[in-house]
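One structure below.
The values are calculated or read from the model by the stated rules, or taken from the named source; none is laboratory data. Please read all numbers here as calculations on a predicted model, not as lab measurements. Backbone-built Cβ (ideal geometry, glycine too); neighbour counts: all protein chains shown.
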Amino acid sequence: MKAFRLDELEAERAANDGAYLQFIRERNMSVGLYALDAGSIDPQQPHAQDEVYLVVSGRAAITVGTETESVARGSVVYVPAGVPHKFHHISEDLRVMVVFSPPES
């Protein structure tokens, strides 16, 4: 079993000066913590993998393709592989768990 605490993952991500920390990588999936501070710009490009986002804290909007939705703690968003998507209007520091399947390259 692998078990993690969000506060410890956030501390590790911050210590490595990165917006993204991958903490699980298995044959069929990978999982990471993605952080965007309030007012920042999301630099993401479409991914080759399907993704699921679980917002663990913060507030923002996300546009996937041509659809836009407000997100906050507890929101879950599915993004199909290859579809353009970005978080924007980030009004509170955003922390998002990201599941890629297959694993992110």
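Suppose we filter TYR78, TYR20, TYR53 for residues that are aromatic (Phe, Trp, Tyr), exposed (fewer than 13 other Cβ atoms within 10 Å of the Cβ) and within 26 Å of ARG5 (Cβ to Cβ); which single one remains?
So the residue among TYR78, TYR20, TYR53 that is aromatic (Phe, Trp, Tyr), exposed (fewer than 13 other Cβ atoms within 10 Å of the Cβ) and within 26 Å of ARG5 (Cβ to Cβ) is TYR78.
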### Query
List the pairs whose first member sits in the range 35-53 and is more than 17 Å from VAL64 (Cβ to Cβ), whose second member is of a type in the set (Gly, Ala, Ser) and part of a loop (DSSP other than H, G, I, E, B), and whose Cβ atoms are under 8 Å apart, counting only residues at least 6 apart or on separate chains?
ALA35/ALA19
### Query
What strands (runs of 3 or more DSSP E), lying completely within the chain, carry at least 3 residues that are modelled with pLDDT of 95 or more and touching a helix residue (DSSP H, G or I) at 6+ places or on another chain (Cβ under 8 Å)?
20-25
### Task
Considering only the range 37-58, state which residues are within 11 Å of PHE87 (Cβ to Cβ), of a type in the set (A, V, I, L, M, F, W, C) and under 9 Å from the mean Cα position of the chain (by Cα).
VAL55
